[in-house]
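**Q** Structure incoming, see below.
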Amino acid sequence: MTTSAMLLAGLPGRNLSLYRRIRFDVHDPVVFLEIPGQGSTLIIRDIELQRAYKLAKADRCVPPAEFAPDGGLSGDREIAFAQAAAECLRRAGVDRVMTDRALPMLYAHQCEAVGIEVLCDPMMGVIERRMKDETEIEHLRTAQAMTESAIELACTTIARATADAQGVLHHEGAELTSERVKAMIDAHLTGRGYDNSAGSIVASGPPAADCHFQGAGPIRTGEPVIVDVFPRNKETLYCGDCTRCVVHGDVPDSVAQMHRVILEAKEKAIDACRLGATGEGVHRVTMGVMEAHGYAMGIHNEGETHVKMVHGTGHGIGLEVHEPPLLDIGAPELVRGDALTVEPGLYDPAVGGLRIEDMIVVTDDAPINLNALHEGLAWS
């Protein structure tokens, strides 16, 4: 008779599905096992046991030494944890384990060495992780509020700058560049307990027609500036992600029109984020608005001058900035607790880009919008 168990392992700060299962972070490997009839076991370094007893979501917490094989544990910590996992399973009579897409190969190697078959379920934990609970939603709300405060700092700094005769903006006696604004964002977030090592986007002018151009060089009056910030809270590990745009001085008519259409698309796409809808269906709502106003969809070809929306409508968010599901063609049905970004944008190779992004949560009723920051182009 085959006895199956479940195995998750690695560094919780990197294997975030593992972190979500145990809600406990350490800087060394851990092993989480669910064995039929035995509940859940967390194998963790002995110096972390007292904290784990209090904080980790597991039925029991044990050090690797409790499951040393006959030849003893390796002096290499990662190998030792893999050996302990295999030995724990072997003693329990387990001959097959299911694991997720993130299991380090070392654990499969050690399990197979003692005759335990390892099978990967690529979707293990994916739906569960999408279904955010109330604690997670509050973590996201907090992270989004801090993200908005960084965006407000950036946008007001740009709006209140002074333009020289060539239209280049100046702030506190020096040219205002994308790099300076990003440094302001970094300092603001780092000083408030957020990791912004992934960087921010402060992109202006024609180069910003590339939606992932992070921005470089001086910012000029009359040009749209995309400010996209996506930090992680160092304590909870949950992320914010928000985008707003600013134009210093007069807003060109073409930019104002793009902005109006983006806001219409965002409003309708958010309203479409309901149980029973699919991510593809939400994206098609966005597509319908864009195309009704004469804007195209798809990547710009070399030398092309059409104004287009070049990306999907959004993505899942939580412990990582980009999580399932996508809001794009082929995307699955939405589930209760899905936290999603809704971020339609338009990109003009001659002018630059605009994108407005909110974070919402799918509920039994209307979606909850976690944003409070205004959506306009004027910030002074």
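**Q** Thr286 is checked against (1) farther than 15 Å from Cys211 by Cβ; (2) assigned to a helix (DSSP H, G or I) and fails just one. What number does that condition carry?
**A** (1)
**Q** Is there a residue in the range 264-279 that is of a type outside the set (S, T, N, Q), within 23 Å of Ala372 (Cα to Cα) and more than 24 Å from the chain's Cα centre (by Cα)?
**A** yes
**Q** Moving to a separate point now. In the range 328-350, how many are surrounded by 15 or more Cβ atoms within 10 Å (Cβ to Cβ) and closer than 30 Å to Pro207 by Cβ?
**A** 12
**Q** Okay, next question. Residues being under 30 Å from Leu340 (Cα atoms) and surrounded by fewer than 20 Cβ atoms within 10 Å (Cβ to Cβ): count how many of those fall in the range 100-124.
**A** Number satisfying all stated conditions: 8.
**Q** Only one of these conditions is not met by Glu291: (1) in contact with a helix residue (DSSP H, G or I) (Cβ under 8 Å, 6 or more places away or on another chain); (2) not in a loop (DSSP other than H, G, I, E, B). Which number is it?
**A** (1)
**Q** Could you give every pair whose Cβ atoms fall below 7 Å, whose first residue belongs to the range 118-140 and is free of Cβ contacts under 8 Å to residues at least 24 places away in the same chain, and whose second residue is part of a strand (DSSP E or B), counting only separations of at least 6 or pairs across chains?
**A** From the range 118-140, the pairs are Leu119/Arg96; Leu119/Met98; Cys120/Thr99; Asp121/Met98.
**Q** Name the strands (runs of 3 or more DSSP E) wholly within the range 88-171 that hold at least 2 residues that are closer than 30 Å to Ala203 by Cα and more than 18 Å from the chain's Cα centre (by Cα)?
**A** 169-171
**Q** Just a yes or no: is a residue in the range 366-374 under 22 Å from Pro224 (Cα atoms) and either part of a strand (DSSP E or B) or not aliphatic (A, V, I, L, M) (or both)?
**A** Yes, the conditions are met somewhere in the range 366-374.
**Q** Could you please give the count of residues in the range 73-84 that are buried (at least 22 other Cβ atoms within 10 Å of the Cβ) and within 17 Å of Pro12 (Cβ to Cβ)?
**A** Here the count works out to 3.
**Q** Just need a number here: residues in the range 39-56 that are among the basic types (Lys, Arg) and within 16 Å of Leu11 (Cα to Cα).
**A** Within the range 39-56, residues that are among the basic types (Lys, Arg) and within 16 Å of Leu11 (Cα to Cα) number 1.
**Q** Going by the conditions given, is His171 modelled with pLDDT of 95 or more and either of a type outside the set (Lys, Arg) or within 25 Å of Ile262 (Cβ to Cβ) (or both)?
**A** Yes, satisfied.
**Q** Also: Do the conditions hold for Arg91, that is, is it modelled with pLDDT of 95 or more, basic (Lys, Arg) and over 30 Å from Cys239 (Cβ atoms)?
**A** Judged against the criteria, Arg91 is a match.
**Q** Right, next: Of the residues in the range 31-43, how many are among the polar types (S, T, N, Q) and crowded, with 19+ Cβ neighbours inside 10 Å?
**A** Looking only at that region, the number is 1.
**Q** Within the range 222-242, can you find the residues that are in a strand (DSSP E or B) and surrounded by 24 or more Cβ atoms within 10 Å (Cβ to Cβ)?
**A** Within the range 222-242, Pro224, Val225, Ile226, Val227, Asp228, Val229, Cys239, Cys242 meet the criteria.
**Q** Among the candidates Asp25, Asp76, Asp70, which residue alone is within 30 Å of Ile317 (Cα to Cα) and of a type in the set (Asp, Glu)?
**A** Just one listed residue meets the conditions, Asp25.
**Q** Evaluate the following for Gly353: is it in a loop (DSSP other than H, G, I, E, B), in the same structural domain as Gln257 (by TED's automatic domain parsing) and buried (at least 20 other Cβ atoms within 10 Å of the Cβ)?
**A** The answer is no for Gly353.
**Q** Looking at (1) in contact (Cβ under 8 Å) with a residue 60 or more places away in the chain; (2) surrounded by fewer than 16 Cβ atoms within 10 Å (Cβ to Cβ), which is the one condition that is false for Val247?
**A** (2)
**Q** So which of Asp46, Asp28, Asp70 is in contact with a Leu (Cβ under 9 Å, 6 or more places away or on another chain) and either surrounded by fewer than 19 Cβ atoms within 10 Å (Cβ to Cβ) or in contact (Cβ under 8 Å) with a residue 60 or more places away in the chain (or both)?
**A** Matching residue, one of Asp46, Asp28, Asp70: Asp28.
**Q** Applying the selection to the range 302-340, what residues are closer than 19 Å to Val285 by Cα, assigned to a loop (DSSP other than H, G, I, E, B), in contact with a helix residue (DSSP H, G or I) (Cβ under 9 Å, 6 or more places away or on another chain) and touching a residue at least 60 places away in the same chain (Cβ under 8 Å)?
**A** Val310, Leu334, Val335, Asp338
**Q** Could you check, for the range 277-295, whether at least one of its residues is within 23 Å of Ile151 (Cα to Cα), in the same structural domain as Glu148 (by TED's automatic domain parsing), of a type outside the set (A, V, I, L, M) and at pLDDT 95 or above?
**A** Checking the range 277-295: not a single residue is within 23 Å of Ile151 (Cα to Cα), in the same structural domain as Glu148 (by TED's automatic domain parsing), of a type outside the set (A, V, I, L, M) and at pLDDT 95 or above.
**Q** Of everything in the range 273-289, what is in contact with a Pro (Cβ under 9 Å, 6 or more places away or on another chain) and surrounded by fewer than 22 Cβ atoms within 10 Å (Cβ to Cβ)? Give them in sequence order.
**A** Once the filter is applied, which keeps residues that are in contact with a Pro (Cβ under 9 Å, 6 or more places away or on another chain) and surrounded by fewer than 22 Cβ atoms within 10 Å (Cβ to Cβ), the range 273-289 yields Arg274, Thr278, Glu280, Val289.
**Q** Restricting attention to the range 174-193, does a residue exist that is on the phi > 0 side of the Ramachandran plot and without any contact (Cβ under 8 Å) to a residue 12 or more places away in the chain?
**A** Checked the range 174-193: no residue is on the phi > 0 side of the Ramachandran plot and without any contact (Cβ under 8 Å) to a residue 12 or more places away in the chain.
The values are calculated or read from the model by the stated rules, or taken from the named source; none is laboratory data. These figures come from a predicted structure and were not determined experimentally. Neighbour counts are summed over all protein chains in view; Cβ atoms, including those assigned to glycine, are modelled from backbone coordinates with ideal geometry.
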